[in-house]
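Student: What follows is a structure written as C-alpha cells; I'll ask about it next.
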Amino acid sequence: MKPDFALSFSLKGISFLQRSGSDWVLLGQVYLSDADFVDRLVTLRTAAMKRSRNANQVKLVIPNDQIKYFSLSRPKDARPNDIEKMIQLRLDAETPYNLDEISFDWVSDAHTIYVAAVARQTLHEAEEFATRQGFKPLGNVAIAPEGYFLGEVFFGLADGAASLMECDTNPIRVISSALKALNIASQSAEEH
C-alpha cells in the first residue's frame, strides 16, 4: 500500500503531508519550540482524521542531517550481492555503527551506485514518537538532495520487518499548503 499521508521530521519540528496526485500538500506544521507542541500535533491529527479515516497511517520522512549519502562506481557486471557487499564494506569503514545497527537503501544506473544509510536507532525513535502521537508508521523514507539518489529513499521499518508500505517511484514533492482547508490555527507558523 502507498500511504496518502506522511510525517516529515526536521530540526525545527514536524510537517504533516497529504498525497495529491503525484505530489504532496502541506496540511500543517508543528514547531518544537511551541509550548503546546503535543496539543498542536493532536489537533492536526484530529483534523486530518476528519478528512480521511486513514490519515493516521503514515510514512515517516527522516531528515537528511541524519542520513549518510555516498556513491560508488559500479563495476561492470556487478550483481546485487556484490553491490551490497561493497556498500557494507564502506559503511563498516566510515561509520561508528555495527552493520546490524544500520539500515540502507541503494539504487544504481549503468555507472554509479547511490547509497543512503541511517542508524536503525533513528528510525526506531521516529516510529516510537509517531506511535505515541496516535499515528501508525508504515515505513521510513527520505528526500535525498538533488543528485544524491534516484527516486525515493526507502528504509523500511526500523526492526527490518516487512513493511506494508510500497515505495514511491519519486520522492515527496510538496506543491502547496492546505492549512486553511483544515481550519487549523496556524498561529505557530505565523510566529516563526
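The values are calculated or read from the model by the stated rules, or taken from the named source; none is laboratory data. This one's a predicted model, so the numbers in the text were calculated from it and none came from an experiment. In this analysis, Cβ positions are derived from the backbone assuming ideal geometry, glycine residues included, and neighbour counts consider all displayed protein chains. Surface areas here come from the heavy atoms of the whole protein model, side chains and all, with no ligands, DNA or RNA. Shrake-Rupley method; radii C 1.70, N 1.55, O 1.52, S 1.80 Å.
Student: What do you reckon, is Ala48 crowded, with 19+ Cβ neighbours inside 10 Å and either in contact with a Pro (Cβ under 6 Å, 6 or more places away or on another chain) or within 21 Å of Asp159 (Cα to Cα) (or both)?
Tutor: no
Student: Follow-up. Filter the stretch 78-127 for residues that are out of contact with any strand residue (DSSP E or B) (no Cβ under 9 Å at 6 or more places or on another chain), of a type in the set (Lys, Arg) and at pLDDT 95 or above and give the result.
Tutor: The answer is Lys85, and nothing else.
Student: Do any residues in the stretch 127-145 that are surrounded by fewer than 16 Cβ atoms within 10 Å (Cβ to Cβ) have Cβ atoms under 8 Å from those of residues that are in a strand (DSSP E or B), where the two are at least six apart or on different chains, and which pairs are they?
Tutor: Filtered contacts from the stretch 127-145: Thr131/Pro137; Lys136/Gln57; Lys136/Val58; Pro145/Tyr69.
Student: Further question: Going residue by residue through the stretch 68-81, is there one that turns out to be surrounded by 16 or more Cβ atoms within 10 Å (Cβ to Cβ), of a type in the set (Lys, Arg) and touching an Asp or Glu at 6+ places or on another chain (Cβ under 9 Å)?
Tutor: Within the stretch 68-81, one or more residues are surrounded by 16 or more Cβ atoms within 10 Å (Cβ to Cβ), of a type in the set (Lys, Arg) and touching an Asp or Glu at 6+ places or on another chain (Cβ under 9 Å).
Student: Would you be able to say whether some residue in the stretch 33-45 is part of a strand (DSSP E or B), out of contact with any Ser or Thr (no Cβ under 6 Å at 6 or more places or on another chain), crowded, with 17+ Cβ neighbours inside 10 Å and touching a residue at least 60 places away in the same chain (Cβ under 8 Å)?
Tutor: Within the stretch 33-45 (the criterion being part of a strand (DSSP E or B), out of contact with any Ser or Thr (no Cβ under 6 Å at 6 or more places or on another chain), crowded, with 17+ Cβ neighbours inside 10 Å and touching a residue at least 60 places away in the same chain (Cβ under 8 Å)), the answer is no, since none of the residues qualifies.
Student: Mind checking which residues of the stretch 54-88 are in a loop (DSSP other than H, G, I, E, B) and of a type in the set (A, V, I, L, M, F, W, C)?
Tutor: Ala55, Ile62, Ile67, Ala78
Student: Specify the residue that is nearest to Ile67 (Cα to Cα); the eligible residues are those in the stretch 151-192 that are at pLDDT below 65, of a type in the set (S, T, N, Q) and open to solvent by 40 Å² or more (accessible area, probe 1.4 Å).
Tutor: Gln187
Student: Name every residue in the stretch 89-126 that is assigned to a helix (DSSP H, G or I) and of a type in the set (Val, Ile, Thr), in order of residue number.
Tutor: Thr122
Student: Where the second residue is open to solvent by 60 Å² or more (accessible area, probe 1.4 Å) and the first is under 13 Å from Ile102 (Cα atoms) and lies in the stretch 79-90, which pairs have Cβ atoms under 9 Å and are six or more apart or on separate chains?
Tutor: These pairs meet every condition: Gln88/Leu99.
Student: Within the stretch 13-44, track down each residue that is under 24 Å from Glu152 (Cβ atoms), among the aliphatic types (A, V, I, L, M) and over 18 Å from the mean Cα position of the chain (by Cα).
Tutor: Leu44, the sole residue that qualifies.
Student: Now for a different question. Output the residue which, of all residues in the stretch 91-107 that are without any contact (Cβ under 8 Å) to a residue 40 or more places away in the chain, of a type outside the set (Phe, Trp, Tyr) and in contact with a helix residue (DSSP H, G or I) (Cβ under 7 Å, 6 or more places away or on another chain), is nearest to Leu72 (Cα to Cα).
Tutor: Only one residue tops the list, namely Leu91.
Student: Quick one: in the stretch 1-23, of everything that is at pLDDT 90 or above and in a loop (DSSP other than H, G, I, E, B), which residue is surrounded by the fewest Cβ atoms within 10 Å (Cβ to Cβ)?
Tutor: Leu11
Student: Then there is this: Is it the case that Leu26 is surrounded by 18 or more Cβ atoms within 10 Å (Cβ to Cβ) and at pLDDT 90 or above?
Tutor: It is false that Leu26 is surrounded by 18 or more Cβ atoms within 10 Å (Cβ to Cβ) and at pLDDT 90 or above.
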